[in-house]
Amino acid sequence: MDVLLHSGSRGSGQRGKGVGCYVTDEQGKEYLDAVSGLWCVNVGYGRRELAEAAYEQIVELAYFPLVMSHSPAIKLAAKLLELLGFEGKVHFSNSGSEANEVAFKIARQYHSQTSNNSGWRYKIISRYRAYHGSTMGALSATAQAERRSKYEPLVPGFLHVYPPYCYRCPFGQTYGSCNIECATSIENTVIHEGPESVAAIIVEPVISGGGVIVPPDEYLPILREICDRYGILLIFDEVVSGFGRLGKMFGHEHWGIKPDIITLAKGITSGYLPLSATAVQQHIFETFLDEPGTTGHFRHVNTFGGHPASTAVSLRNIDILETERLPERAAQMGAYLMAELSPLREHPYVGDLRGKGMLLGIELVADQQTKEPLAGEKVGAIVAYCMNQGVIIGRNTNTVPGYANVLIIAPPLVLTLADADVLVTTLRQALDSQL
Ligand SMILES: Cc1ncc(COP(=O)(O)O)c(C=O)c1O
């Protein structure tokens, strides 16, 4: 537990302020923010050096477009590729949704420019329960019925397959005696759709907003094999799982496989300024090199994407993550939290406890045998109880009708042991309060 020994900061108690893992409201009440804002404030609140990085950059060069370039964006692109461990190129945007839109456009254009049946590989496969953003393309990949309803019909060409959800296996199997049907069945979908029509598969290494769904170890390597077999691009949406959240700098490192395209946001600046990135492998980039006046290059302009201040902040943020070994800390503190929460498995409302690193989910049920989801009002009351006690926790919402029953814990990676204990105690009391 060596990386846990340095102290995280407690809150300041000053109204409207954030320090470490704590935020204070206008009445001066302090809260332990166990969801890091929207799972993004990875280095914690109140980091002056990030404010200074933005200030210094704005004084030096406030704005310049990436249709040309500027120094912090160039340095950040190089740093991201070094961390990802691959040769390639990076495109910057402002949000996770946009980063995914860029990934979809690149995937379709890549196939249009490289396949024999030019223009036909357009389908994008994602998993039910996954969230990939709010814009029309990203929402089309988002396979959460409640989030899509009233905005449909969405963009054509997006398909959904079942998630690797062992607690409620869509294939009626039990892990250990199954054939990882959640992964292998995707090959059937590809075959039935016609492999020549599928451009990409997009996955989060661990489904986050859809209810913290951790795949079995075999799942992602099998997906990589399927993509390789049929020439499909594998996109990792690491908007949540990047920058230490799962206990490694990037979530996919847990499985030792490489994506063709990866999207990053949230923790890229720890939420201090808007920024996102879409990184592609070099072999993909090279298919976009063309002559002036033709359409082979990527035609996607973004005024604010890769803003000098955001990229400067990101560089400093990554420096903090590395210097303070926060991904490692997330692994250790995540294991501690999991161990401390484990006795809750006996609680009548706890159906499943799962997670990786500092992303944990507690699936609540009315009955452990039937797995009937706990009523929404009770789940809401548990979240409200925690809030009342000064602890902010998350919950999956607008996912699958009747299944907003997963509590989500994703604190800043600087969480201390004392904070973790407060969190666990409050959660236990909150669950008991609804018995
Ligand atoms: C996995 C995932 N992808 C994409 C997004 C969209 O990011 P943004 O809200 O920055 O557009 C989110 C947002 O929560 C997300 O959780």
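Data for the structure
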| item | result |
| --- | --- |
| Some residue of the range 33-44 being surrounded by 14 or more Cβ atoms within 10 Å (Cβ to Cβ) and within 30 Å of PHE298 (Cα to Cα) | yes |
| Which numbered condition VAL41 misses (of (1) more than 30 Å from PRO156 (Cβ to Cβ); (2) part of a helix (DSSP H, G or I); (3) among the aliphatic types (A, V, I, L, M)) | (2) |
| Lone qualifier among ASN398, ASN405 - being in contact with a Pro (Cβ under 6 Å, 6 or more places away or on another chain) and touching a residue at least 12 places away in the same chain (Cβ under 8 Å) | ASN405 |
| Tally, over the range 221-253, of residues that are within 16 Å of the ligand (Cβ to nearest atom) and touching a residue at least 60 places away in the same chain (Cβ under 8 Å) | 11 |
| Counted residues, the range 297-306 - those being open to solvent by 40 Å² or more (accessible area, probe 1.4 Å) and in contact (Cβ under 8 Å) with a residue 60 or more places away in the chain | 5 |
| ILE262 farther than 24 Å from GLU322 by Cβ, buried (at least 24 other Cβ atoms within 10 Å of the Cβ) and within 16 Å of the ligand (Cβ to nearest atom) | no |
| Residue satisfying all of: in the range 94-127; of a type in the set (Lys, Arg) and outside any helix (DSSP H, G or I); farthest from the ligand (Cβ to nearest atom) among these | ARG121 |
| Every residue from the range 82-96 that is open to solvent by less than 20 Å² (accessible area, probe 1.4 Å) and within 12 Å of THR263 (Cα to Cα) | LEU84, PHE92, SER93, GLY96 |
| Residue count, the range 382-397 (criterion: in a loop (DSSP other than H, G, I, E, B) and open to solvent by less than 70 Å² (accessible area, probe 1.4 Å)) | 4 |
| Tally, over the range 128-160, of residues that are open to solvent by less than 50 Å² (accessible area, probe 1.4 Å), more than 16 Å from the ligand (Cβ to nearest atom) and in contact with a Phe, Trp or Tyr (Cβ under 9 Å, 6 or more places away or on another chain) | 1 |
| Meets criteria (open to solvent by less than 10 Å² (accessible area, probe 1.4 Å) and within 12 Å of the ligand (Cβ to nearest atom)) for ALA277 | yes |
| Where THR416 falls short, out of the listed (1) in contact (Cβ under 8 Å) with a residue 40 or more places away in the chain; (2) surrounded by fewer than 16 Cβ atoms within 10 Å (Cβ to Cβ) | (2) |
| For HIS283: the one exception among (1) away from the ligand (no atom under 16 Å from the Cβ); (2) touching a residue at least 40 places away in the same chain (Cβ under 8 Å) | (2) |
| Matching residues in the range 389-410 - criterion: being in contact with a strand residue (DSSP E or B) (Cβ under 7 Å, 6 or more places away or on another chain) and not small (Gly, Ala, Ser) | VAL391, ILE392, ILE393, ARG395, ASN396, TYR403, ASN405, VAL406, LEU407, ILE408, ILE409 |
| Hits in the range 363-377 (condition: open to solvent by less than 20 Å² (accessible area, probe 1.4 Å) and assigned to a loop (DSSP other than H, G, I, E, B)) | LEU374 |
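Residue by residue, here is whether (1) open to solvent by 50 Å² or more (accessible area, probe 1.4 Å); (2) not in a helix (DSSP H, G or I) holds:
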position	(1), (2)
THR287	no, no
THR295	yes, yes
SER314	no, no
ILE320	no, no
GLN332	no, no
PRO343	yes, no
ASP352	no, yes
GLY355	no, yes
GLY361	no, yes
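The values are calculated or read from the model by the stated rules, or taken from the named source; none is laboratory data. What you see is a predicted model; the values in this text were computed from it and never measured. Neighbour counts are summed over all protein chains in view; Cβ atoms, including those assigned to glycine, are modelled from backbone coordinates with ideal geometry. These area figures cover heavy atoms from the full protein model, side chains too; ligands, DNA and RNA do not enter into them. Shrake-Rupley method; radii C 1.70, N 1.55, O 1.52, S 1.80 Å.
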